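Structure first, then comments.
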Amino acid sequence: YWFSFCRTCSKYFSDVFMFVSSAMATRDRSSESARFEVLNSEYSAVLLGNENATIHIDAVIDPLSPTGQKLASLLQVLQKHVQTSMRIVLNPMSSLVDIPLKNYYRYVLPNTDDYSSTGFDVDGPKAFFANMPLSKTLTMNLDVPEPWLVEPVIAIHDLDNILLENLGDTTTLQAVFEVESLVLTGHCAEKDHEAPRGLQLILGTKNKPHLVDTLVMANLGYWQMKVSPGVWYLQLAPGRSSELYVLKGGNDGSQDQSSLKRITIDDLRGKVVHLEVVKRKGKEHEKLLVPSDDDDGVQQNNERRSWNSNFLKWASGFVGGRQQSMKGDSKKEHEKGGRQGKTINIFSIASGHLYERFLKIMILSVLKNTNRPVKFWFIKNYLSPQFKDVIPHMAQEYNFEYELITYKWPTWLHKQKEKQRIIWAYKILFLDVIFPLSLEKVIFVDADQIIRTDMGELYDMDIKGRPLAYTPFCDNNREMDGYRFWRQGFWKEHLRGRPYHISALYVVDLVKFRETAAGDNLRVFYETLSKDPNSLSNLDQDLPNYAQHTVPIFSLPQEWLWCESWCGNATKSKAKTIDLCNNPMTKEPKLQGARRIVTEWPDLDLEARKFTAKILGEDVELNEPVAAATDKPNPPPSNDISEDSEQDLESKAEL
């Protein structure tokens, strides 16, 4: 270990460096230390740089591994800017069971040349990919530091379905991304106890103490909030959390040192905050989460509901603005632009231009069948710039509210590799923390679903104290009996007579979901099952169905979800919603199936496309081909029943 010193360094730091250097020099060295000189590199090594360079790097790389591709880009940067000498020894796997090269990486490092000398416009930093396959469907994505939330801000083409051979005269595609915000994460602990799961935290400024909120998970006491650079104040939320606990070690400078914790975000590296809480005197034996069917009795349940109600009233006074409005869950009758009653909250997720097209049709079908106020919640992570440009105008034109929400995948939770499977996971894994704490109920609706009834009926339905309500797969299309995998083998034994439900439409009672720690339980099941590649093939459906012994599901009446693949035509006239689920037998493209199955779909589609074209200043094609080639790059496997398919995922490479 070598250290260099400057003349201005203090004697104290010099002493510290010398002490560390001496300690390292006298340390016993393991006899198992790597000796790169013994590697046979006659036929498998790449030599770079001047042999007389001050720094020499030996690297052993599997050239077809994701780590090897990332490391190659870092070595390029070092060789260019530090001018090292290198010996790169290629060490591929001796045998392969799968095609390993599914991702292409470039490392982006900002240079001083990236900034214009005449202004502050940024010409970079940038990554450039050349010689890419023209006939393969590609996805563009960023692999960024954990504290960053990044989104595309300029992208003409669909970044989820890039087919370079279809770009016309030029095969060049460009996209611009920006850091939208940072993620503040932390861990909360109670001394000599398990993590206080369900503890509610709020974050804000001195003037607006509640701008963001979240729950503490059972997993490592983890919590997460979205922030920007500045000074923030963290505290326990009013209600049951602050009634039972106090925050230990506040540093806001006030007399009550347990009320606030000041957090300063002054760089882009993020921050991990460790909190310690203690029970208030006299509350040591009370539980934070008290389910309504708990033996502690009805009185505590009523008190809990009272605390929750008080919190909702308190929170609504601080969080303002159209996209941050909490009025959408008010139980009071109100009128908004001609719509009256309690707001219906609907949650959906879409990725790629095709499913954003479906999403607009779903929105119109909801609004045309209800006179109640509607608020839509969309996961922001995967929306295109075009959709984010259009949705404010659409909300104003059609009189609805919306909010863009996001959640960063926790580092400790096993992460899916394929983008579509990550999207599936967002439908179920973070329901307790992705919405504001004031939201009491939400309905998930697939983007490719058409609504034919007033969703207020479903929103108001009594789901008998269950945290989730799904529709079971219908079984009156006998042609599909051979594809109903849940009726045999593992699933038949596991379900023990319980139905297997479809995930295209479901209700989440967020109050019940949080007070029963359903999110923690689902994440535990997921962490256990997801590491086995043969488990959770239909992640968003398999997980809640597998866990329903612990996280109970209320089965909705069959008419709440009809899809042609699994339901007979005899029940179609009673269908309250129609889902364009994949047909493993015919493998029909969704656009073609939508026109054939749903009579109102063409009119809704044309209305949505005309409105989008008007906002974006584009021309709309009135006569589209019957089946678009990009509907489905590859057919789904025989047993797939979800939004997209494993085979579809494997056909994609990722940038």
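Are any of the residues in segment 402-424 out of contact with any Ser or Thr (no Cβ under 8 Å at 6 or more places or on another chain), of a type outside the set (Gly, Ala, Ser), under 26 Å from LEU580 (Cβ atoms) and surrounded by 22 or more Cβ atoms within 10 Å (Cβ to Cβ)? The answer is no, given that none of the residues of segment 402-424 is out of contact with any Ser or Thr (no Cβ under 8 Å at 6 or more places or on another chain), of a type outside the set (Gly, Ala, Ser), under 26 Å from LEU580 (Cβ atoms) and surrounded by 22 or more Cβ atoms within 10 Å (Cβ to Cβ).
Just to be sure, is GLU397 at pLDDT 90 or above, out of contact with any His (no Cβ under 7 Å at 6 or more places or on another chain) and not in a loop (DSSP other than H, G, I, E, B)? Yes. In the set LEU510, LEU591, LEU539, only one residue is modelled with pLDDT of 95 or more, aliphatic (A, V, I, L, M) and out of contact with any Cys (no Cβ under 7 Å at 6 or more places or on another chain); that residue is LEU510.
For segment 191-223, give me each residue that is among the polar types (S, T, N, Q) and buried (at least 20 other Cβ atoms within 10 Å of the Cβ). Of everything in segment 191-223, those that are among the polar types (S, T, N, Q) and buried (at least 20 other Cβ atoms within 10 Å of the Cβ) turn out to be GLN200, THR214. If the condition is being at pLDDT below 90 and acidic (Asp, Glu), then segment 267-297 contributes ASP267, GLU284, GLU286, ASP293, ASP294, ASP295, ASP296. Within the set THR516, THR528, THR550, the sole residue that is crowded, with 21+ Cβ neighbours inside 10 Å, under 25 Å from the mean Cα position of the chain (by Cα) and in the same structural domain as ILE346 (by TED's automatic domain parsing) turns out to be THR516.
The number of residues in segment 244-265 being at negative phi, of a type outside the set (A, V, I, L, M, F, W, C) and modelled with pLDDT under 90 comes to 10. Pairs linking a residue in segment 486-497 that is in the same structural domain as ASN545 (by TED's automatic domain parsing) to a residue that is surrounded by 14 or more Cβ atoms within 10 Å (Cβ to Cβ), with Cβ atoms under 6 Å and 6 or more positions apart or on different chains, are TRP486/TYR500.
Of the residues contained in segment 423-436, one or more are found to be at pLDDT below 95, basic (Lys, Arg) and under 24 Å from the mean Cα position of the chain (by Cα).
Restricting to segment 211-245, name every residue that is within 17 Å of ALA517 (Cβ to Cβ), part of a helix (DSSP H, G or I) and in contact with a Leu (Cβ under 9 Å, 6 or more places away or on another chain). Those that are within 17 Å of ALA517 (Cβ to Cβ), part of a helix (DSSP H, G or I) and in contact with a Leu (Cβ under 9 Å, 6 or more places away or on another chain): ASN219, GLY221, ARG240, SER241, LEU244. The residue pairs whose first member lies in segment 385-407 and is farther than 22 Å from MET225 by Cβ and hydroxyl-bearing (Ser, Thr, Tyr), whose second member is modelled with pLDDT of 95 or more and part of a helix (DSSP H, G or I), and whose beta carbons are closer than 7 Å, counting only pairs six or more residues apart or on different chains, are TYR398/LEU367. Scan segment 435-459 for residues that are small (Gly, Ala, Ser) and part of a loop (DSSP other than H, G, I, E, B) and the total you get is 2.
One line per residue, one yes/no per condition, for (1) buried (at least 18 other Cβ atoms within 10 Å of the Cβ); (2) at pLDDT 95 or above; (3) not assigned by TED's automatic domain parsing to the domain that holds LEU510:
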| site | (1), (2), (3) |
| --- | --- |
| HIS334 | no, no, no |
| LYS342 | yes, no, no |
| ASN345 | yes, yes, no |
| LEU354 | yes, no, no |
| LEU359 | yes, yes, no |
| LEU364 | yes, yes, no |
| ILE379 | yes, no, no |
| SER384 | yes, no, no |
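The test for being more than 29 Å from the chain's Cα centre (by Cα), farther than 24 Å from VAL374 by Cβ and among the aromatic types (Phe, Trp, Tyr) does not hold for TYR500. The conditions of being outside any loop (DSSP other than H, G, I, E, B) and without any contact (Cβ under 8 Å) to a residue 24 or more places away in the chain are met by GLY482.
The values are calculated or read from the model by the stated rules, or taken from the named source; none is laboratory data. Remember, it's a predicted structure, so these values are computed and weren't measured experimentally. In this analysis, Cβ positions are derived from the backbone assuming ideal geometry, glycine residues included, and neighbour counts consider all displayed protein chains.
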